[in-house]
Amino acid sequence: MREMKSGWRVAVRYGFPLLMVALLVAALWMSPRGAQPQLHLHTRLLMGTLVNLTIGSVPRSQADQAAQQAFAEMVRIEEVMSSHRSDSEVSRINQVSRETWQPVSGELGLLLRQGLQVTTLSQGAFAMGLEPLTRLWGFSGNPPATQPPPSADLARWLQAYPSSGAIELRYLGEGAAALQESDQSTLQVRLKTQSVGLDLGAIAKGYAVDRAVAILQQAGIKDAVVDAGGNLRIIGSKEGKPWRIGVQSPRQQDQVVAVSQLSGNMAMVTSGDYERFFLYEGKRYHHIIDPGTGLPARSGLSSVTVQAPDATTADALSTALFVLGAEKGLSLLSHFPGSAALLITEEGKPIRSAGFVGEWLSVPQ
Ligand code: AMP
Ligand code: MG
């Protein structure tokens, strides 16, 4: 936490057992010094990250109750979607033999369908079937990896990973348009080869944020920020003024390099090479993998922040853009109405798409 000229800023950090990793996006709550902000902050460690709910404009008791409901929903989603929990639906699918159709819940199926759209449009840069590869790299391991996996293991994975159709979905009901979350028996998933396993690490947090927002809204909350490790969505305003959201510097973790003033209903999600990484023989290895090489993506970017109407889309897109790099990444945005991005190159230079709401700050990199 650091004092700023016009108020105070909270730059939240989340921790892994051996490593403190700074958040991608830090919420800035700018209040006149001395004034009592009517904001209720709730924090919980979920999905391997610190989740912050900031709720305004309601009495504390209502905020507390709504926050507990939102957290409960995020816990439920983690129980379905985590590939680190052996009892999750995702792990159940990963445990069965490949090339066989498996039933999938409507909720997971709909999320896979949404993610597969990004996979198609990004020409495979966004891939939800990388679990065997991300396990090899071990960025989410306990303890997290400190050196690359043997190149023979990577070569074996690369040879076996299908160039297309890694994850397939099919509907036995009335087709995609009629698909409902309750259509459990009609939706099936198939993983193509043994080298494919579900890892929803690049989309599930965004989905959890969207669900948390929906729960808060059902509980009568109109003004809030939900931030799950830099996967963030705002609704309403902060006491009639826009929420101020800071984008963290990829190399100076206590610095904010851009500030976005957002109100209404919008998501803002960052993917960066500084979230989970290790340095080995002077080289940076990070957790966003290029499925084409099996190696951490080197597209010339160190951070990608995407704004979109919902956090699920923003989460998937920020990862996809990171892998694709500036040129192809920015053209991917045109398929997603209301989306925009701020890219930061490895040299610390900003590249903004049309429509990105935010101001680049002149701070040393
Ligand atoms: P994010 O922080 O949203 O960019 O997601 C990164 C996480 O998603 C990693 O920790 C992996 O679990 C997974 N992942 C890594 N590379 C990819 C990729 N190219 N496409 C989709 N998911 C990925
Ligand atoms: Mg993502």
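The values are calculated or read from the model by the stated rules, or taken from the named source; none is laboratory data. Remember, predicted model here, so these are calculated numbers, not experimental data. Here Cβ is always computed from backbone atoms with ideal geometry, including for glycine, and neighbour counts include all displayed protein chains.
Scan the stretch 249-269 and give yes if some residue there is charged (D, E, K, R), over 17 Å from the mean Cα position of the chain (by Cα), at pLDDT below 95 and on the phi < 0 side of the Ramachandran plot, otherwise no. Show your work before the answer.
Pass one, the stretch 249-269, residues charged (D, E, K, R): 251, 254.
Narrowing the set further to residues that are over 17 Å from the mean Cα position of the chain (by Cα) leaves 251, 254.
Remaining after also requiring at pLDDT below 95: 251, 254.
Those left that are additionally on the phi < 0 side of the Ramachandran plot: 251, 254.
Looking for residues that are charged (D, E, K, R), over 17 Å from the mean Cα position of the chain (by Cα), at pLDDT below 95 and on the phi < 0 side of the Ramachandran plot, one finds at least one in the stretch 249-269, hence yes.
Being among the small types (Gly, Ala, Ser), within 10 Å of ligand 1 (Cβ to nearest atom) and more than 22 Å from Trp360 (Cβ to Cβ) is the filter here, so list the residues in the stretch 300-332 that pass it.
Ala316, Ala320
Out of the residues in the stretch 69-97 that are among the small types (Gly, Ala, Ser) and assigned to a helix (DSSP H, G or I), which is surrounded by the most Cβ atoms within 10 Å (Cβ to Cβ)?
Ala70
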